[in-house]
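The values are calculated or read from the model by the stated rules, or taken from the named source; none is laboratory data. Remember, it's a predicted structure, so these values are computed and weren't measured experimentally. Every residue, glycine as well, gets a Cβ built from its backbone with ideal geometry; the counts of neighbours run over all protein chains shown. Remember, those area values only see protein heavy atoms, side chains included, never the ligands or the DNA or RNA. Shrake-Rupley method; radii C 1.70, N 1.55, O 1.52, S 1.80 Å.
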Amino acid sequence: MQLDFLTPRVERLSADGAVDVVHPGGRLGRSLRRPILLLARDLCAFSLFATAALPRGRRRQAAALHARLGAPYVRSGSVLSRAGDDFGVWWWDADRIDALTAAGTTTTRPLIRPETVAQPRGDGWRIVRLKRGYEAQFWTDKALRASAWRHDRYDAAAWSAFVRLQRAETPAPDAPPAPADLPLALDDRDAFALSPVELTRGQMALAAGGAAAFASLCFAAFLAGQSHELAKDVAGVENETAEIRAATPRAAAVQNLDASQKKLVAYRQIEERTNPLSAAGAAIGVLALHDLTPTALNAETETLSFTLGYDALDKVAALIADLEGSGYFHDVQPRTDASAKTLVVEMKVREAAPPLSPEL
């Protein structure tokens, strides 16, 4: 489901260079997402790439290779659209599009999409009335299988020529369907879904750091809640023990109650100490402050280590200072692995919980 406030700015480029604003974009979409430039259908070419004979894990790769090698232009742009197990390949003349956008009337660095992928998905045969010309389409299971454009309205001869070229199990109507005027489909994944190419490196680093910090805070809150509940349970047991001892003078029962009370007190003391999980959460929070994300983390009873990339070398001095200043760690030692091109930071956890004694 597309959230309207995250919708990017959407413009349409016509063959004469005119640019129309189709959607102004949502409040956050205009500032956080790259705008989308829809190319008029007469500026694009469409082909269906069948993948039935290919391994499932290689189908998108093969379609992308076909988009590069089978382009009908000297310098082309392309985009893939999902069509069941197959892929629809859209091409456009990159030199022509660059010339049309050189005037600067379009938004800088837009994501280019054919206007067809921004239409609501169909089923069967249909004709769409565009701002300029008409597009004949054939759909199966909400996937576009064939598309053709002509300037004039489809007559019986043009419709017959389009139908004759398709391999379709669904029979086509003898007469061309009435042209339909379609709205913009803002929830279409091929046209408007947020993709990683829209995010800058800084935005991705900020998002990763924020996610790590949020996870650390949630984990710390969970531990605090567990400790609070354990403290309440211990206090309740202490009160009940005192009441039972006052009402039950038998020495053996009182001795058993004392042993249970000592166990609960020991559990509470252990809970208040630093444990490997809380130390790991603190370390992740410190890494997030330096915009660093570990590729591996090893938490043991008294030690903790994590692995970073070589690009963290220039931050290691400040990182060590913050880790030692957090109160959780001491004896922080970095070392490098030249073969793996990684930086490993090892440290000892303060007040690590000792193992329980046998009598408890």
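Here are the numbers:
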item: Scope the range 8-32; condition touching a Lys or Arg at 6+ places or on another chain (Cβ under 8 Å) and over 30 Å from LEU69 (Cβ atoms); matching residues; result: PRO8, ARG9, VAL19, ASP20, VAL21, VAL22, HIS23, PRO24, GLY25, GLY29, ARG30
item: Subset of the range 118-133 (residues that are part of a strand (DSSP E or B) and more than 21 Å from VAL10 (Cα to Cα)); result: GLY124, TRP125, ARG126, ILE127
item: Breaking point among (1) closer than 18 Å to ALA280 by Cβ; (2) touching a Lys or Arg at 6+ places or on another chain (Cβ under 8 Å), for ILE320; result: (2)
item: Of all residues making up the range 161-173, the number that are under 15 Å from LEU144 (Cβ atoms), assigned to a helix (DSSP H, G or I) and open to solvent by 60 Å² or more (accessible area, probe 1.4 Å); result: 0
item: Neighbours by Cβ (under 9 Å, 6+ apart or cross-chain): first from the range 285-310, farther than 15 Å from ALA321 by Cα and of a type in the set (Phe, Trp, Tyr); second open to solvent by 80 Å² or more (accessible area, probe 1.4 Å) and part of a strand (DSSP E or B); result: TYR310/THR336
item: All strands (runs of 3 or more DSSP E) inside the range 2-92 with 3 or more residues being open to solvent by less than 50 Å² (accessible area, probe 1.4 Å) and over 17 Å from LEU130 (Cα atoms); result: 76-83
item: Any hit, the range 174-190, residues being part of a helix (DSSP H, G or I), modelled with pLDDT under 75 and open to solvent by 60 Å² or more (accessible area, probe 1.4 Å); result: yes
item: Residue list for the range 264-302, filter: at pLDDT below 60 and not aliphatic (A, V, I, L, M); result: TYR267, ARG268, GLN269, GLU271, GLU272, ARG273, THR274
